Amino acid sequence: MKKPIIFIIAIIICTGFLGCASFRKKFVREKHKEEQPHPVISFKDYAEDITYHDLYKKHFLYWKYWEMEFIDALGEDNYKKQLLALAQTISNLKSLESYLVPEKELRISPFRQDLDKLESKIKKGFSTSLERLRLKQDMEKHQRMLEKELMYQKMKEFIKTEGIKPAGAQTQEISPEGANP
């Protein structure tokens, strides 16, 4: 009689040491996760609200930032950063030109053409740091002159009228159902 009792106690102790993780999992309650509400997304076409004046202001700020970034990059020896900043400067200057009437556009295009010529000079590299410093000073002068020329207060009369849609404001026309295009 003592042997079966000792045997049962030994089995209980062995199972206690081995553990019954899967057995415990069956009887432990899991916390219920609260279902997150789904976000409601409503789309609005802001292209109708954008005017040439707004786009001009936006691209003016972009141009000003990238021109300053280019001038700062000229102080460094990183030609990839210089090329990127120059490309962005030219791109934003082209955008600014597209919002102006043709007379003002022609007046600003020589400034952009000056920037176009710099790309090959930067790819070739600078022979001395003095040459790079000279270009940096020229670009600072270029930036001051062009900023005075392109200020919104001076240019607001020369921005194109609203009859033409801005390049960045393309909208889709949705025809009513059943209508033949």
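The values are calculated or read from the model by the stated rules, or taken from the named source; none is laboratory data. These figures come from a predicted structure and were not determined experimentally. Neighbour counts run over all protein chains shown; Cβ positions are idealised from the backbone, glycine included.
Leu96: in a helix (DSSP H, G or I), among the aliphatic types (A, V, I, L, M), crowded, with 16+ Cβ neighbours inside 10 Å and under 22 Å from the mean Cα position of the chain (by Cα), yes or no? Let's see the steps before the verdict.
Details: in a helix (DSSP H, G or I): yes; among the aliphatic types (A, V, I, L, M): yes; crowded, with 16+ Cβ neighbours inside 10 Å: yes; under 22 Å from the mean Cα position of the chain (by Cα): yes.
The answer is yes for Leu96.
Go through the residues of region 133-145 one by one and say whether even a single one is within 27 Å of the chain's Cα centre (by Cα), assigned to a helix (DSSP H, G or I), farther than 13 Å from Phe70 by Cα and acidic (Asp, Glu).
The initial filter retains those residues of region 133-145 that are within 27 Å of the chain's Cα centre (by Cα), namely 136, 139-140, 142-144.
Those left that are additionally assigned to a helix (DSSP H, G or I): 136, 139-140, 142-144.
Add one more test, that the residue is farther than 13 Å from Phe70 by Cα, and what stays is 144.
Filter again for acidic (Asp, Glu), leaving none.
No, that holds for no residue.
Just one of (1) in a helix (DSSP H, G or I); (2) over 26 Å from Met151 (Cα atoms) trips up Gln36, so point out which.
Exception for Gln36: condition (1).
May I ask you to verify whether Lys117 is surrounded by fewer than 18 Cβ atoms within 10 Å (Cβ to Cβ) and either in contact with an Asp or Glu (Cβ under 8 Å, 6 or more places away or on another chain) or free of Cβ contacts under 8 Å to residues at least 60 places away in the same chain (or both)?
On the way: surrounded by fewer than 18 Cβ atoms within 10 Å (Cβ to Cβ): yes; either in contact with an Asp or Glu (Cβ under 8 Å, 6 or more places away or on another chain) or free of Cβ contacts under 8 Å to residues at least 60 places away in the same chain (or both): yes.
Taking the combined requirement at face value, the residue satisfies it.
Find the residue count for region 123-140, including only residues that are of a type in the set (D, E, K, R) and either within 21 Å of Lys104 (Cβ to Cβ) or touching a Leu at 6+ places or on another chain (Cβ under 8 Å) (or both).
First pass over region 123-140, keeping only residues of a type in the set (D, E, K, R): 123-124, 131-132, 134, 136, 138, 140.
From the residues that got through so far, the ones that are either within 21 Å of Lys104 (Cβ to Cβ) or touching a Leu at 6+ places or on another chain (Cβ under 8 Å) (or both) too are 123, 132, 136.
So the count comes out to 3.
Per-residue answers, yes or no, for (1) outside any loop (DSSP other than H, G, I, E, B); (2) farther than 24 Å from Lys148 by Cα; (3) at pLDDT 85 or above:
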site: Gly16; (1), (2), (3): yes, yes, no
site: Lys25; (1), (2), (3): yes, yes, no
site: Lys31; (1), (2), (3): no, yes, no
site: Lys57; (1), (2), (3): yes, no, yes
site: Phe70; (1), (2), (3): yes, no, yes
site: Lys80; (1), (2), (3): yes, yes, yes
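When the residues of region 33-55 are narrowed to those that are modelled with pLDDT of 80 or more and of a type in the set (A, V, I, L, M), which ends up farthest from the chain's Cα centre (by Cα)?
The extreme case among them is Val40.
Output the residues belonging to region 41-55 that are among the charged types (D, E, K, R) and in a helix (DSSP H, G or I).
Residues satisfying the conditions are Glu48, Asp54.
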